[in-house]
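The values are calculated or read from the model by the stated rules, or taken from the named source; none is laboratory data. Just so you know, these numbers come straight off a predicted model, no measurement behind them. Please note: Cβ atoms are built from the backbone with ideal geometry, for glycine as well, and neighbour counts cover all protein chains shown. Remember, those area values only see protein heavy atoms, side chains included, never the ligands or the DNA or RNA. Shrake-Rupley method; radii C 1.70, N 1.55, O 1.52, S 1.80 Å.
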Amino acid sequence: MKIPHKILLALKLYDTLWRVCIPLLRLNSRLKDGYGTRCTGDKLKPADIWIQAASAGEAYLALSLIDNMHSADPIHILVTTNTRQGLDIIKKAIEAKSINQITVESAYIPFDRPALMDKVVQHIGPKLMILLETEIWPGLLFALKKNNVRTIIINGRVTPKSLKGYMRWPSLWETLCPDKILAISDDDAYRFATLFGQNKVQKMSNIKFDRLNTILQDTNNPLKMFIPELTPFLVLGSVRQPEENQVENILLKIRSSVPETIIGLFPRHMHRIKYWEQALVKLDIQWKRRSELTSINVPAGTVIIWDTFGELNAAYALAKSVFVGGSLAPLGGQNFLEPMIYGIKPVIGPSWENFAWVGNDIFKQGLAITTTSWQSVASELIGQLRQTNPDSDQQQKAAIRYIEERKGGTLQACNLISELLTESTAIEVKKI
């Protein structure tokens, strides 16, 4: 592989900067966890496939790929990640199941110092490198190119802002480009093509659609005993701290317009429970903790502060109206697809960048509602709570159809993985 002299000099400078900074990174509370592996990669074992999954979201994508891989021969997979949460997800899944012919281990990815990455790539010796979403690191890509490792980006996405940064030096990325990119949208495919070339890029369905379960279990909902059947039930799901004041305004608006509504308030983080207890007292709103409920129906007009885990979907199944948080402040949004599966048309604020992969069609088809302010959120929720005969069955069927039509990305990616593995094996045999 011929690397232009200017790029080699830049990578040498990049290597020097890493060498100077690495000792200081021990002071970072997040990076000191697994610091030894991040510095040397010595404990990493050889693997046939190396998957880089930055954090929790990508870790779940890696599991989807592994679950759907098939091989007649034994394959060892290394999954690396940048975060403790990502590492825990992979480790827990590995311990929980046995995959035929496939063994998996997980570890922190080493720092992107080119000299270190070169040593690590040679030691692991992967036949194939899989980068999930937007893992574009020059040190890693250089080492993979130098050692002739086939490299693919799966579930690829890149923002206009990121592309603008990369395009400051297009020849660098043209030199270090992966062999294939599977992008999750036309816009992402265009941006990757701008960076790496059109012949490298294909479009795929987002693997996250495959992870959505649209088959609802016909089981007795444990929350039914608390919510009277004829009383409107509103869920405020995954409420984040920066939007709490706006959610308080929504509560007051709901109370004045549809006072009989029972409201399930789900803070995104449990340490905010105490705040909400104090806030509701100040607002003179009747409330109870979920953990304090008995089998007696909750009185109309009560706010239930949810201080127990794992019941949000059960609450969605009983709700007449739903607001999904993380969306009124610039936080990127929380998962608003889950209530859709129960026939709900969820209402969100203007911030939903984390879920841009679902596409604008979801709003155009009336499957969810995006608004511009807390006032418009409150107005939409009140309209739904006052609705006498909502067609939830039709809403549910349309939502499930939307999701099912967009599945298949995992199979497409696994087919490409199998194809590239076969090619790599054939090349190795020829060398022998």
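Points worth noting:
- For the peptides 140-152, 62-74, 333-345, residues were scored by their other Cβ atoms within 10 Å and the scores averaged per peptide; the highest-first order is 333-345, 140-152, 62-74.
- Estimated from the Cβ-Cβ distance and a Förster radius of 45 angstrom, the FRET efficiency linking residue 289 and residue 353 is about 0.85.
- Area projected by the alpha carbon convex hull of the stretch 301-361, averaged over all directions, nm²: 5.0
- Across the stretch 133-224, Cα pairs under 8 Å and at least six residues apart give a relative contact order of 26 percent.
- Where only DSSP H runs of four or more residues are counted, the chain gives -13000 deg cm²/dmol as its mean residue ellipticity at 222 nm, each run worth -39500 (n - 2.57).
- Computed label-point distance, nm, for sites residue 115 and residue 70 using a 7 Å Cα→Cβ extension: 4.7
- Our estimate of slack between residue 225 and residue 174, defined as 0.36 nm per intervening residue step minus the Cα-Cα distance, is 12.3 nm.
- Beta-bridge orientation, the stretch 31-120: approximately 10 percent antiparallel, per DSSP, counting only bridges with both partners inside.
- Packing rank of 127-136, 156-165, 191-200, 8-17, where each peptide gets the mean count of other beta carbons within 10 Å, highest leading: 127-136, 191-200, 156-165, 8-17
- Residue 142 sits among other residues whose Cβ lies under 12 Å from its own Cβ, and their net charge, with Lys and Arg +1 and Asp and Glu -1, is +1.
- Against the rule of thumb 2.2 N^0.38 Å, how large the Cα Rg of the chain comes out: 1.12
- Relative contact order, whole percent, for the chain stands at 13, derived from Cα pairs under 8 Å and 6 or more residues apart.
- Under a model in which nothing but the beta-carbon of Lys, Arg (+1) and Asp, Glu (-1) is charged, the chain shows a dipole of about 1340 debye around its Cα centre.
- Here the calculated FRET efficiency for residue 257 and residue 84, from their Cβ-Cβ distance with R0 = 35 Å, stands at 0.20, rounded to the nearest 0.05.
- Selection from 65, 151, 121 lying farthest towards where the dipole of the stretch 58-197 points positive, charges on Cβ: 121
- Each residue of the stretch 337-342 was assigned a 3J(HN,Hα) from its phi angle through the Karplus expression (A = 6.51, B = -1.76, C = 1.60, θ = phi - 60°), giving 7, 4, x, 4, 5, 9 Hz with x at Gly and Pro.
- Euclidean distance between Cα centres, the stretch 43-115 to the stretch 229-301, Å: 40
- Three principal axis extents of the stretch 175-287 based on alpha-carbon atoms, in descending order, are 63, 37, 28 Å.
- Cα-projected label distance for residue 394 with residue 274, points at 7 Å along beta-carbon direction, nm: 4.9
- Ligands, DNA and RNA aside, residue 224 has an accessible area near 120 Å² when probed at 1.4 Å.
- Spherically averaged projected area in nm², based on the convex hull that wraps the Cα atoms of the stretch 318-432: 9.7
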